[in-house]
Amino acid sequence: MRARTRTARQAVVLAAVASLGTGLLAGCADDGGGSDGGSSSAPGGGDGNRTTITMGLFGTMGFKEAGLYTEYEKLNPKIKIAENVIERNENYYPPLLNHLATNSGLQDVQAVEVANIAEIVDTQAPKLMDLSKVEGVQASTWLDWKWQQATTKDGQTVGLGTDVGPMAICYRKDLFQAAGLPTDREEVGKLWAGSWEKFVEVGQDYKAKAPAGTTFMDSPGGLLNAILGSESEKFYDSAGEVVYKTNPAIKAGFDLTAKAAEDGLVGAQTQFQPAWDTTIANSKFAAISCPPWMLGTIKGKSKPDSAGKWDVAVPPKAGNWGGTFLTVPKSGKNAEEAAKLVKWLTAPEQQAKLFSVQGNFPSTPGAYTLPEVTGAKNEMTGDAPIGTIFGEAAKAIPVQIIGPKDQIIMQGLSDNGVILVTKGKSAKEAWDTATKTIDNNLEK
């Protein structure tokens, strides 16, 4: 969904497999950037005779962690890569819009989360390179719906997809066992198959015998994201109209999450904030809504003794959460070299490596048969065949409509909505606060 006047066909973004990272994504870097600085260097500057390509990112995108920067620099000795990371996308994206508007302060490469890509396509395409024109880039390399998400009506592709986010549920086997629940991933999936209401009921069962100081889930926002991520129509309809207040699925998901919060089944934390990080490190919850990229967050925030104690089960309903693109501003000093880097980072081989290390699921089908995916394991989930689990989850994701202000609406419902129930507000008070906040932000 890219504009209110577009046809239903153009408004619908096909999520036949998944739509990932990042969206409201987690990360391990502090707000404010990396240690390599924030400006790109022209050839011959910055580091001897090397060109420095700067990456503007949010959250833990994993390129550095997977060794991809080091590999690219070895293949291209005249290139140095420096990343500048802001942890939360809502802190990253508004400045990006401002930088694009003024055509200043931009990194050579800028990441864009899927919840923002429709707005970028509609309003910022003239400021960005057409990556479909980069030598060797072919649309068929990516999932069709992923390619189309970043492509304008007249055929300009402003971003190349990095990853997608088929939903699963990650859970602590030790905490499930202590609460008298099964630990085998197939048996766990059967507990809540087909219904988020069943999932919350399992939370009640967990609470009855829960280890002291733990909750069933990490946060109300995490639960709400998962529930709404399994809906084909969320905040916008196929005509591009905002319908989040009149879509019964949104209110039902909000109320179910509010009930879980009232009953003490979720932690009183906002995801990706320091206090939430601590709950991961101290094993304070038993389950979390878990697209593949969340494995990287769990790994980054956990203490060493948590390795192997997690597992992955199918969710109540298939859905997605997040998904990221890399764009190249035309005004960058190193735009041509940056475009080559983006092409390389998003190629199937690199996406497969990224998944094997960080858990970001590829947006390029060519990666799905590579051994890094088919044989993928994660340190936190032990021998769980995560490549197969997430691949199967991806195939079941419904067609979805993406709107230009999805991030604002989702953030309002979670961070200004259901979280309030954990602080003593009623579900109605939380809904009223959320909708007022969202509507005020949509009118800006």
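A few points about this structure:
- Rounded to the nearest 0.05, the FRET efficiency derived from the C-beta distance between K309 and K133 at R0 = 60 Å is 0.80.
- Note on the chain: with a GNM built from Cα contacts shorter than 10 Å, the maximum mean-square fluctuation among T60, T70, T270 falls on T70.
- Principal-axis tilt of helix 427-442 within the chain, Cα atoms, nearest 10 degrees: 10
- Helix 89-102 axis, angle to the chain major axis (alpha carbon atoms, nearest 10°): 30
- Computed over region 191-245: relative contact order in percent, which uses C-alpha pairs under 8 Å that are six or more apart: 17
- Taking other residues whose beta carbon is less than 15 angstrom from the beta carbon of T364, and scoring Lys, Arg as +1 and Asp, Glu as -1, yields -1.
- Separation in nanometres of the label points that stand 7 Å from Cα toward Cβ, at S426 and Q177: 4.4
- Whole-number D in µm²/s for the chain (Stokes-Einstein; Kirkwood sum over Cα pairs; 4 °C, 1.567 mPa s): 60
- Region 224-353: C-alpha gyration tensor shape, a/c 1.5 cut-off, then a/b vs b/c: oblate
- Each peptide among 246-255, 163-172 gets the average number of other Cβ atoms lying within 10 Å of its residues, and from highest to lowest they stand as 163-172, 246-255.
- Vicinal HN-Hα couplings computed from phi for region 108-121 (Karplus, 6.51 cos²θ - 1.76 cosθ + 1.60; Hz; Gly/Pro x): 5, 10, 10, 7, 9, 6, 4, 5, 10, 5, 4, 5, 4, 4
- Residue-averaged 222 nm ellipticity for the chain, from DSSP H runs of 4+ at -39500 (n - 2.57), nearest 500: -11500 deg cm²/dmol
- Length-normalised contact order of region 137-220 in % [C-alpha pairs under 8 Å, at least 6 apart]: 19
- Distance from the Cα centroid of region 300-361 to that of region 71-126 is 15 Å (rounded to whole angstrom).
- Short-range pairs are left out: with C-alpha atoms under 8 Å and at least six residues apart, the relative contact order of region 235-325 is 15 percent.
- With respect to the chain, whose longest principal axis is taken over its alpha-carbon atoms, helix 335-345 is tilted by about 40°.
- A full extension of the chain between V399 and S232 corresponds to an added length of 59.6 nm, given 0.36 nm per residue minus the alpha carbon distance.
- For L128, distant residues with modelled amide H under 5 Å away: K330
- Cα-based shape type of region 275-323, given that a ≥ b ≥ c are square roots of the gyration tensor eigenvalues and the cut on a/c is 1.5: prolate
- Residues within the reach of a label modelled at E71 (point 7 angstrom out along Cα to beta-carbon, backbone nitrogen below 20 Å), restricted to region 138-161, are 138, 141-143, 160-161.
Taken together, the values in this text are just the output of simple stated rules run on the coordinates, not laboratory data. A quick note: this is a predicted structure, and the numbers were derived from the prediction, not measured. No Cβ is skipped: glycine too gets one built from the backbone with ideal geometry, and neighbour counts run over all protein chains shown.
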